[in-house]
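Q: Before I ask anything, let me first share the structure, which is written out below as structure tokens.
The values are calculated or read from the model by the stated rules, or taken from the named source; none is laboratory data. All of these numbers come straight from a predicted model, not from anything done at the bench. We place every Cβ from the backbone using ideal geometry, glycine too, and count neighbours over all the protein chains shown. Keep in mind that these areas ignore ligands, DNA and RNA; they rest on the heavy atoms of the full protein, side chains included. Shrake-Rupley method; radii C 1.70, N 1.55, O 1.52, S 1.80 Å.
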Amino acid sequence: MKVYDLHCDVLYKLARAESPLSFTNSPLLQANKIALEAGEVALQLFAVFVSEGFPKEKLFLEAMRQIEFFHTEIVGKHENVVAIYEWEQLETLKEGQIGAVLSLEGLDMIDGDMLRLKFLLAHGVKLVGLTWNGANEVADGASEISGTGLTSFGEEVVEFLNEQNIIIDVSHLSEKSFWDVLPKAKWLMASHSNARAICDSSRNLTDKQIKALIEKDSPIHVVYYPQFINHIKKPVEIQDLVEHIDHITSLGGKHLIGLGSDFDGIGEFITGLEDASKTQNLVKQLIKTYSTKEVEGFTAQNFGRFVKRISKEEQN
């Protein structure tokens, strides 16, 4: 069954590796091309992520290095990996092709400079997370306790992203930032977050947040990291992740659920879901509870409907 995965950190690994890694088949990459093909992943978002502790004056250069890896190592060397610059391209992908999309995981790298953001978007970025877990010039992240939320500069950023029909990702925002962004964002989603009612983590969404996203018709994509699924139980099983899907469904979000693995950004794994090649194991588990049509929604079609709305807006 075709899968759209809204988050992986392959670019970070490629850029930070001490010796070159092959996106084709490196065993050090959980979402390499061979694994994506085996898991029937037809769309993969590749996050540009610059970690905390990296010298501030080099953040933007590091972001550009990762974008360069996207164009040269991921798309440039593989004929069946197709860069997606407009969402309508999803409709033209052929059997066996993988759509590849750039996203930004945090805006630390722009250092309060709107021109840098514009430059990054010009390279094909279609989804932007305003923060990682800390605070930056735009907003507070999930681990920040200052309570600042969205800054005045952040409001300018959101307005600009709206003008460009860029999706804003809430997965790493603090609760204050989330509620500040919610009424201002034109296109909004959570690319890799679970339900806090099932697993109490600041990276997960409260029921109130989930209901607000549902009200806004915004996708909610579950993440495979065991610490965001069940941080008490060991090992974490695929059914434990399905419980988060069940909970979001119970709140009325069945038509908005999707997947956001976080492969290559995690070091712990669900049993039977250790890399992208195992993705169909999750599909098989979901089929035990949900209809084929519903599971096809979770794996790809829910997000596909969402971006069709964006494409329609861009054509008007």
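Q: Across segment 192-208, which residue is most open to solvent (accessible area, probe 1.4 Å) among those that are out of contact with any strand residue (DSSP E or B) (no Cβ under 8 Å at 6 or more places or on another chain) and either at pLDDT below 95 or not β-branched (Val, Ile, Thr) (or both)?
A: Across segment 192-208, the extreme among qualifying residues is Lys208.
Q: Identify, by number, the condition in (1) touching a residue at least 24 places away in the same chain (Cβ under 8 Å); (2) on the phi < 0 side of the Ramachandran plot that Gly272 doesn't meet.
A: The single condition Gly272 does not satisfy is (2).
Q: So Lys13 clears everything in (1) surrounded by fewer than 24 Cβ atoms within 10 Å (Cβ to Cβ); (2) assigned to a loop (DSSP other than H, G, I, E, B); (3) not small (Gly, Ala, Ser) except one condition, right? Which one?
A: In the conditions (1) surrounded by fewer than 24 Cβ atoms within 10 Å (Cβ to Cβ); (2) assigned to a loop (DSSP other than H, G, I, E, B); (3) not small (Gly, Ala, Ser), Lys13 misses (2) alone.
Q: Same structure again: Count, please, the residues in segment 218-239 that happen to be surrounded by fewer than 19 Cβ atoms within 10 Å (Cβ to Cβ), touching a residue at least 12 places away in the same chain (Cβ under 8 Å) and more than 20 Å from the chain's Cα centre (by Cα).
A: Matching residues across segment 218-239 total 4.
Q: Which of the residues that make up segment 143-165 are open to solvent by 10 Å² or more (accessible area, probe 1.4 Å), of a type in the set (A, V, I, L, M) and at pLDDT 95 or above?
A: Leu150
Q: Quick one: which helices (runs of 4 or more DSSP H) sit completely within segment 143-233 and have at least 1 residues that are under 17 Å from Thr249 (Cβ atoms) and among the aliphatic types (A, V, I, L, M)?
A: The qualifying helices (runs of 4 or more DSSP H) are 207-215.
Q: May I pose another question? Report, by residue number, each residue of segment 76-105 that is open to solvent by 30 Å² or more (accessible area, probe 1.4 Å), farther than 20 Å from Lys118 by Cβ and touching a residue at least 12 places away in the same chain (Cβ under 8 Å).
A: If the condition is that a residue be open to solvent by 30 Å² or more (accessible area, probe 1.4 Å), farther than 20 Å from Lys118 by Cβ and touching a residue at least 12 places away in the same chain (Cβ under 8 Å), then Lys77, Asn80, Val82, Glu88, Leu93, Gly96, Gln97 are the ones that fit.
Q: Go through segment 17-71 and give me each residue that's of a type in the set (D, E, K, R) and surrounded by 14 or more Cβ atoms within 10 Å (Cβ to Cβ).
A: Lys33, Glu37, Glu40, Glu62, Arg65, Glu68
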